[in-house]
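Q: Dumping the structure here so I can ask a few things about it.
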Amino acid sequence: MSGKHYIGIDIGGSKIAIGLFGKDPGMLGKVVLPTCATEPFGHAFARMVPAIDRLCTGHGLGGMPDGIGIGCTGPVDVRRGLVRNPYTLPGWPDAPLVEAFASRYGCPVRLENDADTALIGELVSREECRKVKNALMLTFGTGVGSAVLRSGAILRGEDFSHPELGHLLVSEAVSSCYCGGSGCLESLASGPALHEAARELGFASLDEVFARPSGEARSRLVGAWALHVTRALWALVATLSPEVVLFGGGVADCLYPHAKDIITQGLSSGVFLPPTRVKKAMHGNDAGMVGAAALVSGLFPFS
């Protein structure tokens, strides 16, 4: 197969997704592996290499991609290409992702936080968003991830740190979090928080609540989630003035369609809030791979 081809890797605490891409966001092939996060990074790398090789050789590329982009659950050190995440990747202390892949394949390798690559993946895949310079994405799953595009570049803090907007305080509720706070968005609106709320209502899990056509429990969970999310967005939109806000992650897939009107109405009542388009992510769990590949393919030209 002619033309350049790129690998996009999305690394989470439970699974690693690897996709093969050309010069556009369309994915040519995909492999999903377990992370086995308590095992050393070398074990995962030994499983990723043959998976990448199979993807490439299966498309006539001889096993050598033209670039590898990686989105990894953070914290990560994007300048040094290292994983610094003892929370969800405890077996990978200072894992040298960029060095390992660059040495093996001899091509450009880029590392970013996985929430950033998910945002990038969504923006480059939407014709109406490709010229957007200010955007916000929140991903609701095991935790609440966040990514901000500011003036066309990924927003970074001191020492290239990543903004952890999921730990914005939104309630006085006693909901302790590993971040050290109580009442933060993640402690109230993430998957584990919602599963616990469902159990308090007498259900085995959030899935059991939504397996039923409707009911008071569903209304209460949706209403509470929408309230916490709207409070967070009120502060974030007022501060960042994004052109578009994107919702991603499995929890958002489940709740956002039911909470959309509440959130939209809540934001529209803000006198000083700028007009902001609120959208559900279109790529689901593939967004991180799409965005990771875009880092090295040239589709996303900013850093």
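All of the numbers you see were taken from the coordinates with simple rules; none came from a lab. These figures come from a predicted structure and were not determined experimentally. Here Cβ is always computed from backbone atoms with ideal geometry, including for glycine, and neighbour counts include all displayed protein chains.
Q: Per residue and in Å³, how big is the convex hull formed by the alpha-carbon atoms of the stretch 191-268?
A: Considering the Cα atoms of the stretch 191-268, their hull volume per residue is 92 Å³.
Q: Right, here's the next one. How long is the gain from Asp207 to Ala153 if the chain were fully straight, where each residue apart is worth 0.36 nm and the alpha carbon distance is subtracted?
A: Numbers: separation 54, 0.36 × 54 = 19.44 nm, distance 3.70 nm.
Here the answer is 15.7 nm.
Q: How far is helix 287-297 tilted off the main Cα axis of the chain, in degrees rounded to 10, range 0 to 90?
A: Result, in degrees: 40.
Q: Want the number for Leu33 to Lys280: 0.36 nm per residue separation, take away the alpha-carbon distance, what's left?
A: Taking Leu33 through Lys280 to full extension adds about 86.3 nm, to one decimal.
Q: Oh, and also: Relative to the present Cα-Cα distance, how much length would full extension add between Tyr87 and Arg199 at 0.36 nm per residue of separation?
A: 37.8 nm
Q: Phe160 versus Ser214, label points 7 Å from Cα toward the beta carbon: distance in nm?
A: For the pair Phe160/Ser214, the computed spacing is 5.2 nm.
Q: So who's got an amide H within less than 5 Å of the one on Lys280, skipping anything under 5 residues away but keeping other chains? H placed 1.01 Å off N, in plane.
A: Amide H to amide H, under 5 Å and 5 or more residues apart or across chains, Lys280 pairs with Phe247.
Q: Right, here's the next one. Could you order peptides 78-84, 143-149, 55-61 by the average number of other Cβ atoms within 10 Å of their residues, highest first? Please report the intermediate quantities before stating the final value.
A: Values: 78-84: 18.0, 143-149: 26.4, 55-61: 15.6.
Descending packing order for the listed peptides: 143-149, 78-84, 55-61.
Q: Considering Cα pairs under 8 angstrom that are at least six residues apart, work out the relative contact order of the stretch 209-273 and quote it in whole percent.
A: Over the stretch 209-273, the number comes to 47 percent.
Q: Can you give me the Cα centroid spacing of the stretch 115-151 and the stretch 204-244 in angstrom?
A: Spelled out, the Cα-based centre of one part sits 19 Å from the other.
Q: From the backbone phi of the stretch 189-198, what are the Karplus-calculated ³J(HN,Hα) couplings (6.51 cos²θ - 1.76 cosθ + 1.60, θ = phi - 60°) in whole Hz, Gly and Pro given as x?
A: Karplus values, whole Hz, x for Gly and Pro: 10, 7, x, x, 5, 6, 5, 5, 4, 5.
Q: For the stretch 74-87, in order, what is each residue's ³J(HN,Hα) by Karplus, 6.51 cos²θ - 1.76 cosθ + 1.60 with θ = phi - 60°, in whole Hz (x at glycine and Pro)?
A: Result, rounded to whole Hz: x, x, 10, 9, 6, 6, 9, x, 10, 8, 10, 10, x, 7.
Q: Right, next: Please compute the Cα-Cα pair-distance distribution of the stretch 131-281 with 10 Å bins starting at 0, giving whole percents from short to long.
A: Going from the shortest bin to the longest, the percentages are 11, 41, 35, 11, 2.
Q: Say each of His43 and Lys23 gets a label point 7 Å from the Cα, pointing the same way as Cα to Cβ; how far apart are those two points in nm?
A: Output for this residue pair reads 4.2 nm.
Q: Let me ask something additional. Taking amide H positions as placed 1.01 Å from N in the peptide plane, with prolines and chain starts having none, which residues 5 or more places from Cys72, or on another chain, fall under 5 Å of its amide H?
A: Hits under the 5 Å cutoff: Ile11, Glu112, Asn113, Asp114.
Q: How much space per residue, in cubic angstrom, does the convex hull of the C-alpha atoms of the chain take up? All intermediate terms of the calculation are to be shown ahead of the outcome.
A: On the way: hull volume 41.3 nm³, N = 303.
That works out to 136 Å³ per residue.
Q: Let me ask another. Just from its helices, what would the mean residue ellipticity at 222 nm be for the chain, if runs of 4 or more DSSP H residues each count -39500 (n - 2.57) and the sum is divided by every residue, rounded to the nearest 500 deg cm²/dmol?
A: The per-residue figure over the chain is -12000 deg cm²/dmol.
Q: Hand me the tally of lysine pairs in the stretch 131-281: alpha carbons under 17 angstrom apart, and the pair either on different chains or 8 or more positions apart.
A: Lysine pairs satisfying the spacing and distance rule in the stretch 131-281 number 4.
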